[in-house]
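Structure first, then comments.
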Amino acid sequence: MEMRELKDAIAAHHKSAQMLAQEVKSARDGQRALDSRIDRLETLAGRSDLGGYRPGGESLEDREAKQAFGAYLRNPYSQKVKAELEAKAVSGATDAGGGYAIPEVISTDIRARLRDVSVMRQICRVETASTSDFKILVDVAGSSSGWAGEGDTRSATNTPQLHEVAPTFGTNYALITASEEIVNDAMFDIQSWLVRRTVEELALTEGEAFLIGNGTKKPTGLLTAPIVSAGDFDSPARPEGSFKYLPTGFADSFGGDQTASPPGNPGDVLVQAVYDLRAPYRQNARWLMNSATAGVIRKFKDAEGRYLWSESMLAGQPPLLLGYPVAIDEAMPDIGTNTHPVAFGDFERAYTIVDLQGLRITLDDNISVPGQLRWYIRRRVGGQVTDTHALRFIKCAAS
């Protein structure tokens, strides 16, 4: 009897041990599942080892910076709100002109939107600098090259002739006004509205300066450079810093009456512009003109009656003229006497835009209209011609 009881006790103990082991295993599995779920939740909450990354690319720091900026827009007189904005901005200290640095996440959004609406920013080289003492090195002579057999003497290459191009800078600003009622309306997305209005105003002024700016407290525009008739290899040489133009053959238009005898063709000068440009520049070449000029050129045909212009079959892609994309910028001149309504070439090599880091915002205390707020938003922008071999202009001229 005692032996049987002992066996039963041992069996019960063994069964209890098995049950305990199973419970431990289940607990461990549950703990691993819980740990995995916690890891996922921490990632979504922005507290993972990924530096606070959030789905959609916005970090916890960026979100807080946006909140601080939005609070400042709604309550710009609060010292507490101002302090929080300074703390969240990358460079929070006020500059000599006062104001606060706009958080980098919002500055990036503004720059991206500017590129979307600015034709010159889309087709030209864009650099970011920390100081207006920014220089661009340009090789005006290039290096020589050649062939040699094994053991032959190699002639020394020419020394590249480098010169510095200094963009001219100015402060591009926007004055944005809103009523206090709108600002205090919790349903009104004031931050998105301010970004949109800022982009609209800055794009308008800088787009014009990139083409016709005189270089005084603003960028030096593309069309400000001299445009002459001499070619790249003509003697005497074309003055340094000058573009070449090709005449339409008519003083104030493209002319070329296709019904005359002998028939003319207004598109011939376009073909000439393409092949007058050196081949390396044609690889990334495009046309630039305004809408009025495009409406005229859109009707040009070749000798077989085929249009030189073709619309892209893909949504969002530019039309093609003689196989090269067309960019439309309303700041380009109209067709008229001695104007240059069309440019063709590699704009990325021809012109450089330079943005100085940071945008700043100041509340304008001088506004005299009751019940209104006005913000002064500004940044430093520069621009300069860098390679005059990269473009050809078409000029409305007899020769």
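The values are calculated or read from the model by the stated rules, or taken from the named source; none is laboratory data. No experiment lies behind these values; they were computed from the predicted model shown. Note that we place each Cβ from the backbone using ideal geometry, even for glycine, and neighbour counts take in every protein chain shown. All accessible areas refer to the heavy atoms of the entire protein, side chains included, with ligands and DNA or RNA removed. Shrake-Rupley method; radii C 1.70, N 1.55, O 1.52, S 1.80 Å.
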Once amide hydrogens are built 1.01 Å from N within the peptide plane, the residues lying 5 or more places from Val165 or on another chain with amide H under 5 Å from its amide H are Ile136, Leu137, Val138
Once amide H atoms are built 1.01 Å from N in the peptide plane, which residues 5 or more positions from Ala129, or in another chain, come under 5 Å H to H?
Asp355, Leu356, Gln357
Vicinal HN-Hα couplings computed from phi for the range 266-279 (Karplus, 6.51 cos²θ - 1.76 cosθ + 1.60; Hz; Gly/Pro x)
x, x, 4, 5, 5, 4, 4, 4, 4, 8, 7, 7, 4, 3
Carbon and sulfur atoms: what percent of the 1.4 Å accessible area of the range 271-345 do they account for?
52 percent
What net charge is computed for the residues neighbouring Leu373, neighbours being all others with C-beta under 15 Å from the C-beta of Leu373, Lys and Arg scored +1, Asp and Glu -1?
-1
State which entries of Lys66/Lys135; Lys82/Lys135; Lys135/Lys217; Lys80/Lys218 exceed 25 angstrom in Cα-Cα distance in the structure shown.
Lys66/Lys135; Lys82/Lys135; Lys80/Lys218
Once amide H atoms are built 1.01 Å from N in the peptide plane, which residues 5 or more positions from Val342, or in another chain, come under 5 Å H to H?
Ile394
